[in-house]
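Quick one: the structure is below, questions incoming.
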Amino acid sequence: MAISTPSSRPSGGGLAEVVELILDRGLVIDIWARVSLVGIELLTIEARIVVASIDTYLRYAEAVRRLNLEPGRQLGAPDLIAGTKTEKAIEAATDQLDEPFGGLGQPAEHKARRAAPPDLLDAPATVPKGARHATRRPSPRTSRPVPRGDER
Amino acid sequence: MTGRAEMTAAASATPQATSLYVYGVIPAADARGWPGADGIDGPSATVRTLVAGELAALVSALPSDRIPGRRDDLEAHRRVLSLANERGTTIPMRFGIVIDSEDLVRKELLVRHAPEFTDLLRKLDGHVQMTVRAFYVEDELLREVAENEPEIVHRTAAIQGLSELESWQERIELGELIAERVTARRARDEQALLDRLAPLASDVRVDPPRSERVALDAHLLVRRDRRSALDDVVGVLGSALQGHLTLRYLGPLPPYSFANLSLEAGDQ
């Protein structure tokens with residue numbers, strides 16, 4: 001895979017990376033606007049993960065069989081993440097959140113967040129009650145969220 | 001074709017049946033000094049602004065019988081909106097919106113829906129969309145799920161050396177167990193990443209994974225003055241997760257994921 005170095009510099013994104021957004025998001029007007037999408041829908045074929053199928057089960061079983069599992073290896077993400085380096089890194093990331101949050105008067109939420117388990121992937125940080133975005137996240141399976149202004 | 005040409009002529013009174021491709025909507029104040037840009041039909045169709053009240057639409061001429069859908073068309077759409085987004089708050093239209101006349105753009109798009117646009121512009125004001133995607137490195141997800149689950153290790157060992165046919169039932173049961181753990185694991189990773197990113201955003205949209213490599217596909221509506229803080233957090237996460245998850249960080253993008261307003265035309 002071409003993408004390998006972690007970077008904090010965002011990229012503008014090539015067409016391939018934003019094509020779904022262009023085709024599948026953005027404002028839509030009905031009826032009198034000609035939505036000229038001949039053949040375009042094909043590009044947004046839903047490629048969702050379908051796990052509940054025999055084919056998938058067989059594929060997973062075979063993939064794992066080929067992995068040469070080493071149960072004693074201790075190299076999975078939990079170990080990776082729980083390592084000192086990572087712990088510090090996450091801590092640092094959390095500290096950096098202080099600034100914007102301090103200004104917003106949400107210190108309690110912030111403390112709770114910092115106290116969260118450092119092993120990011122093994123145990124997701126506890127979402128403090130009242131965290132602004134904890135409940136905002138739409139279920140991945142629901143259709144697109146209704147923005148303000150649509151209720152009119 | 002004849003019917004369509006007649007309709008167009010009635011609406012816009014242009015002899016060669018030209019329609020307008022619509023890219024997006026911006027505040028009228030930002031329309032002043034719009035630099036122009038090549039539109040979807042090339043240099044012959046410069047992108048200009050159509051103002052009505054406090055709003056302006058970004059449009060370019062398009063022959064009525066020309067159907068946008070080529071790669072270059074998508075690229076032009078992306079490029080124009082990217083330029084607009086650099087200049088100020090922009091509501092991006094979905095690709096492929098064509099309206100038959102200037103009059104219709106003004107009356108039916110801008111004037112009729114002024115309240116929705118104004119609301120949305122207020123919400124988006126001073127924000128950009130930053131997209132963060134996280135991909136599992138190769139077989140990391142499977143390996144991790146399997147090695148942390150003695151039951152999977154055990155059952156995997158049991159099918160070693162057996163053909164698919166010989167171990168059909170065992171494989172299905174094993175695969176089902178793996179699938180269940182993979183789904184749970186992915187959801188936890190997604191949430192863990194979101195917990196770190198969402199506090200810096202004013203709003204968040206999460207798309208369902210489009211492949212098994214995807215741990216997270218999140219779109220963050222971020223205030224421009226919080227961008228550098230988000231950059232830092234993404235950078236730190238990227239380093240911490242190296243070898244396990246690869247992060248892809250895109251932006252600033254026009255707020256595609258936060259303009260999912262579907263406007264009804266009403267009776268014309």
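The values are calculated or read from the model by the stated rules, or taken from the named source; none is laboratory data. What you see is a predicted model; the values in this text were computed from it and never measured. Methodologically, a virtual Cβ is constructed for each residue, glycine included, from the backbone with ideal geometry; neighbour enumeration extends over all protein chains shown. The protein model used for the area step is the full one, side chains on, heavy atoms only, and it has no ligands, DNA or RNA in it. Shrake-Rupley method; radii C 1.70, N 1.55, O 1.52, S 1.80 Å.
Angle, helix B:227-240 long axis vs. longest principal axis of chain B, Cα atoms, 0 to 90°, nearest 10?
Taking Cα atoms only, the helix is inclined about 20 degrees.
How far is helix B:2-12 tilted off the main Cα axis of chain B, in degrees rounded to 10, range 0 to 90?
So the inclination is approximately 70 degrees.
Hey, got the dipole for the stretch B:14-172? About the Cα centre, +1 on K and R Cβ, -1 on D and E Cβ, debye to the nearest 20?
Values: 18 positive and 26 negative charges, 191 e Å.
Dipole of the stretch B:14-172, to the nearest 20 debye: 920 debye.
How much solvent-accessible surface does B:Arg213 expose, in Å² to the nearest 10, with a 1.4 Å probe and all protein chains in place?
It works out to around 80 Å².
Which whole-number percentage describes the relative contact order of chain B, with Cα contacts under 8 Å and a sequence gap of 6 or more? List each step's numbers first, then the result.
Numbers: 404 pairs, mean separation 57.4, N = 268.
RCO, chain B: 21 percent.
Still on this structure, I have one more. For the stretch B:164-268, what is the charge dipole size about the Cα centre, in debye to the nearest 20, if Lys and Arg each add +1 at the Cβ and Asp and Glu each add -1 at the Cβ?
Around 620 debye, computed over the stretch B:164-268.
Which three numbers, in whole Å and largest first, are the semi-axes of the equivalent ellipsoid of the stretch B:92-131 derived from its Cα gyration tensor as √(5λ)?
On the way: eigenvalues 105, 44, 7 Å².
Whole-Å semi-axes of the equivalent ellipsoid: 23, 15, 6.
Helix B:168-197 versus the longest principal axis of chain B: what is the Cα-based angle in degrees, 0 to 90, to the nearest 10?
Once rounded, one gets 50 degrees.
As an exercise, identify the trypsin sites (Lys or Arg not before Pro) in the stretch B:15-77 lying in DSSP coil whose Cβ has no more than 11 other Cβ atoms within 10 Å. Walk me through the intermediate numbers first.
Numbers: sites: B:Arg32, B:Arg48, B:Arg66, B:Arg70, B:Arg71; in loops: B:Arg32, B:Arg66, B:Arg70.
Answer by residue number: B:Arg32, B:Arg70.
Still on this model: Using a 10 Å cut-off around each Cβ of peptide B:200-208, what is the average number of partner chain Cβ atoms that fall inside?
Details: counts 5, 3, 2, 5, 5, 7, 6, 7, 8.
Mean inter-chain Cβ contacts per residue within 10 Å come to 5.
Give, in nm to one decimal, the length gained when the segment between B:Glu138 and B:Gln242 is fully stretched (0.36 nm per residue of separation minus the Cα-Cα distance).
Numbers: separation 104, 0.36 × 104 = 37.44 nm, distance 1.23 nm.
Taking 0.36 nm per residue and subtracting the Cα distance, the gain is 36.2 nm.
How long are the three semi-axes of the equivalent ellipsoid for the stretch B:103-185, computed from the Cα gyration tensor as the root of 5 times each eigenvalue, in whole Å, largest first? Numbers along the way, then the final one.
Details: eigenvalues 602, 55, 21 Å².
Over the Cα atoms of the stretch B:103-185, the ellipsoid semi-axes are 55, 17, 10 Å.
Just to verify a number: FRET efficiency for B:Asp72 and B:Glu166, C-beta to C-beta distance, R0 = 41 Å, to 0.05?
0.15
Can you give the mean number of other chain Cβ atoms that lie within 10 Å of the Cβ atoms in peptide B:227-233?
Going residue by residue through B:227-233 and averaging, the value is 5.
Can you compute the modelled spin-label distance between B:Arg210 and A:Ile54, with each label point 7 Å from Cα toward Cβ, in nm?
3.1
Projected area of the stretch B:151-268, taken from the Cα convex hull and averaged over every viewing direction, in nm²?
Over all viewing directions, the stretch B:151-268 projects a mean Cα-hull area of 12.7 nm².
On to the next question. I'd like to check one number: the per residue accessible area of chain B, probe 1.4 Å, reported in Å² as a whole number.
Numbers: 10090 Å² over 268 residues.
Value returned for chain B: 38 Å² of accessible area per residue.
Which order do the peptides B:223-230, B:128-135 come out in when sorted by mean C-beta neighbours inside 10 angstrom, highest first? Please report the intermediate quantities before stating the final value.
On the way: B:223-230: 16.4, B:128-135: 23.8.
My ranking of the peptides, most packed first, is B:128-135, B:223-230.
Modelling each spin label as a point 7 Å along the Cα-to-Cβ direction, I'd like the B:Ser262/B:Arg32 distance in nm, to one decimal.
3.8
Okay, moving on. With a point put 7 Å past each Cα toward its Cβ, work out how far B:Asp225 is from B:Asp125 in nm, to one decimal.
Those two pseudo-labels are separated by 1.4 nm.
Residues of B:216-225, mean number of Cβ from any other protein chain within 10 Å of their own Cβ, rounded to a whole number?
Numbers: counts 0, 2, 1, 2, 1, 0, 0, 1, 0, 1.
Average neighbour count from other chains, rounded to a whole number: 1.
Taking H placed 1.01 Å from N in the peptide plane, check which residues at least 5 places from B:Ala215 or on another chain put their amide H under 5 Å from its amide H.
Hits under the 5 Å cutoff: B:Ala134, B:Phe135, B:Tyr136.
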